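Working notes, structure below.
The values are calculated or read from the model by the stated rules, or taken from the named source; none is laboratory data. If you're wondering where the values come from, they're calculated on a predicted model, not measured in any experiment. For neighbour counting, all protein chains shown are included, and Cβ atoms are generated from backbone atoms with ideal geometry for every residue, glycine included. Note: areas computed on protein heavy atoms with side chains; ligands, DNA, RNA excluded. Shrake-Rupley method; radii C 1.70, N 1.55, O 1.52, S 1.80 Å.
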Amino acid sequence: MGVKMRRKTSLHRDYRGGYLKAPSQPYLMKILNKQGDQQVLFSDKVLKFTGSGKMKRRILILTEFAIYVIDPDTDALKRQIALAAVEKMYLSELNDNFFAVIIPTEYDLLMASTRKTELITKIVEAAKSSPDYELEVVCSNRFEYNASADLVKEVQFEEVEGGVKTRILKKEAC
């Protein structure tokens, strides 16, 4: 398992968690209340990568029990993932915004967030509150995820001059 390289600005900063002020957004609270959730641990805008390779703007809300992915254009709940269903999180070892949420019973999520360090920290802390459950966080410059029920993709990260080169490749069937 690799070691995560950190941006200097992410080391010593106060985490706010509620960047969207979800409790003051009635449509967001309506979604959470309908699911029986109320306490928001983290909320922010993220990018979600689809199985076909498109990027979609989404709102991500983390509560004590679940991760919610909401379409900001339609205010519709696109996905609810119970924290107990998350097996592991993948991050690269480099300074980038990508992370993958691995859910063995469903398809996985590949996302990007400018507040990735804080989000992962909050997810790990929330997962620790569940008895007999520990979320695995893996740092690697290459990992696979299930983009859909029948599509596996590989994400590769490479340090290049001026930043990080990210490739998302379709895995060939054996």
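Structure values in brief
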read-out	value
Spatial separation of Cα centroids for region 112-174 and region 31-64, in angstrom	16 Å
Positive minus negative residues near residue 126 (Lys, Arg vs Asp, Glu; Cβ under 13 Å)	-3
Fluctuation leader among 158, 64, 118 - the chain, Gaussian network, Cα springs under 10 angstrom	158
Net length gained if the chain between residue 149 and residue 107 were fully extended (0.36 nm per residue, minus Cα distance)	14.5 nm
Top of 73, 37, 108 by mean-square fluctuation, Gaussian network on the chain, Cα under 10 Å	73
Listed residues 91, 83, 151, most fluctuating in the chain (Gaussian network, C-alpha, under 10 Å)	151
Solvent-accessible area, 1.4 Å probe, carbon plus sulfur percent, for the chain	49 percent
Relative contact order (percent, whole number), region 32-159, Cα cutoff 8 Å, 6+ residue spacing	21 percent
Accessible solvent surface per residue of region 86-174, calculated while the other protein chains remain in place, 1.4 angstrom probe, Å²	52 Å²
Accessible surface, 1.4 Å probe, highest first, among residues 168, 67	168, 67
Prolate/oblate/rounded label for region 14-108 (Cα gyration tensor, a/c 1.5)	rounded
Global geometry of region 57-123, whether rounded, prolate or oblate, following the gyration tensor of its Cα atoms and the 1.5 cut on a/c	oblate
Largest-first principal axis extents of the Cα set of the chain (Å)	43, 40, 37
